[in-house]
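These notes are about the structure you will find just below.
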Amino acid sequence: MKEMLEFFSENGYVVVRDALTREEVAEVNDGIAADRAAHPEHWEPSPTASGHLSVGCDAPEFLHRTGALDGLVCHPSVAPLARRILGPGAGVSGLTFLRREPCDVQPPEDQDGGDPLCLTRVWHREDSGNVEGADRNDFFVPALQVIFYMDDVDTESHCFSIIPESVETKRNLPMTHTGSSGWGARDRLRIDDADVGYVDPERPTWVDAFGRELTRRTGRVDIYGRAGTAVMFNNCSYHCGSVRRTRRPRHTVHVRYRQPEPAASRHALKPPWESVAQFSAALPSRPTIGQL
């Protein structure tokens, strides 16, 4: 664990290889297939703002329909790391299963980072860079997110991308209390570098395959791995989904953790949940759902 914590401190993320066994991956994927067959109305993909198709289902409602993901809520491959980073008392604040559909759109002539299949990358710090509560742990983490890959991910599939950033770098970034930060929350401390953070000085803008003018950022790491890989990262690090021209769908499970306080930040919570305690109380009361 020491090496993983050191890597996380220097980069803002860590990859846990073989976090899930093949049997665990198959159990989740089979459970999702069964839920899609039983409840197709919850699995209708809709175009995102960028034009590609994806569909997601969120806990707690999702967990009330199936127990297939119970073991991933606080999986032993990642829970000890999450506890060490966030400290005692942290809890689960969200869980989403995401299916990103195949996409046959022609990539733009202007390749982003020399990636010939890349269609779009929407770089963002989660919740507008909200860092309320980050100073309460040694790693300057307001919330953690763990992404479990449920398919093999490589250069010819959609993948998760992140810009490495150390604890010390984060602590010294420009901060502000002004403007909106997250759903319905204002005046929360957030990182204020959207216009300058890692922006390519020579080519600051990029028109993606869907005609949108996006900020081109440098220094990314594309995370590849076979099914069962887990990526744990600081929610306030720059990250994105690298959407590629591919015939392969990508399935992922996203689990979010944070301290209950400061409750007013609502960071790493989706509507309608106002607090970690409220979200936790809405989860099914099954013993198979672990505790962080």
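Between R125, R84, the distinction of being at pLDDT 95 or above and open to solvent by less than 40 Å² (accessible area, probe 1.4 Å) belongs to R125 only. Against the test of being open to solvent by less than 50 Å² (accessible area, probe 1.4 Å), in contact with a strand residue (DSSP E or B) (Cβ under 6 Å, 6 or more places away or on another chain) and at pLDDT 95 or above, the options V15, V28 yield a single qualifying residue, V15.
Can we say E6 is at pLDDT 95 or above, in a helix (DSSP H, G or I), under 21 Å from the mean Cα position of the chain (by Cα) and surrounded by fewer than 14 Cβ atoms within 10 Å (Cβ to Cβ)?
Working: at pLDDT 95 or above: yes; in a helix (DSSP H, G or I): yes; under 21 Å from the mean Cα position of the chain (by Cα): yes; surrounded by fewer than 14 Cβ atoms within 10 Å (Cβ to Cβ): yes.
Yes, satisfied.
Filtering the range 205-225 to residues that are surrounded by 15 or more Cβ atoms within 10 Å (Cβ to Cβ) and either basic (K, R) or not in a strand (DSSP E or B) (or both) leaves D208, A209, F210, R216, R217, R220, Y224.
If you take the residues of the range 158-180 that are assigned to a strand (DSSP E or B) and either farther than 18 Å from V196 by Cα or without any contact (Cβ under 8 Å) to a residue 40 or more places away in the chain (or both), which of them is most open to solvent (accessible area, probe 1.4 Å)? Step by step, filter the range 158-180, then rank; the result is S180. Of all residues in the range 71-81, those satisfying the criterion of being outside any loop (DSSP other than H, G, I, E, B) and open to solvent by less than 10 Å² (accessible area, probe 1.4 Å) are L72, A79, L81.
Being of a type in the set (D, E, K, R) and open to solvent by 50 Å² or more (accessible area, probe 1.4 Å) is the filter here, so list the residues in the range 99-116 that pass it. It would help to see each step written out before you state the result.
Restricting attention to the range 99-116, the residues satisfying the condition of being of a type in the set (D, E, K, R) are 99-101, 104, 109-110, 112, 115.
Within the range 99-116, D104, E109, D110 meet the criteria.
Out of curiosity, is G241 closer than 16 Å to R125 by Cβ, of a type in the set (G, A, S), free of Cβ contacts under 8 Å to residues at least 60 places away in the same chain and open to solvent by 10 Å² or more (accessible area, probe 1.4 Å)? When the stated conditions are applied, G241 does not pass them.
Among the residues of the range 139-157, the ones that are touching a Ser or Thr at 6+ places or on another chain (Cβ under 8 Å) and either outside any loop (DSSP other than H, G, I, E, B) or surrounded by fewer than 22 Cβ atoms within 10 Å (Cβ to Cβ) (or both) come to 8 in all.
Does S54 satisfy the criteria of being modelled with pLDDT under 95 and in a loop (DSSP other than H, G, I, E, B)? Please lay out each step first, then the result.
Working: modelled with pLDDT under 95: yes; in a loop (DSSP other than H, G, I, E, B): no.
Considered against the rule, which asks whether it is modelled with pLDDT under 95 and in a loop (DSSP other than H, G, I, E, B), S54 comes out as no.
Hey, could you check the range 244-282 for residues that are among the aliphatic types (A, V, I, L, M) and open to solvent by 30 Å² or more (accessible area, probe 1.4 Å) and say which is nearest to D30 (Cα to Cα)? Ranking the candidates gives A281 first.
Annotation note: Cβ proximity below 9 Å between a residue of the range 18-47 that is among the small types (G, A, S) and a residue that is in a helix (DSSP H, G or I) (sequence gap 6+ or interchain) occurs for A38/R65.
The values are calculated or read from the model by the stated rules, or taken from the named source; none is laboratory data. As the structure is a prediction and not an experimental result, all values here were calculated from the model. Glycine gets a Cβ as well: all are built from the backbone with ideal geometry, and neighbour counts include every protein chain shown. These area figures cover heavy atoms from the full protein model, side chains too; ligands, DNA and RNA do not enter into them. Shrake-Rupley method; radii C 1.70, N 1.55, O 1.52, S 1.80 Å.
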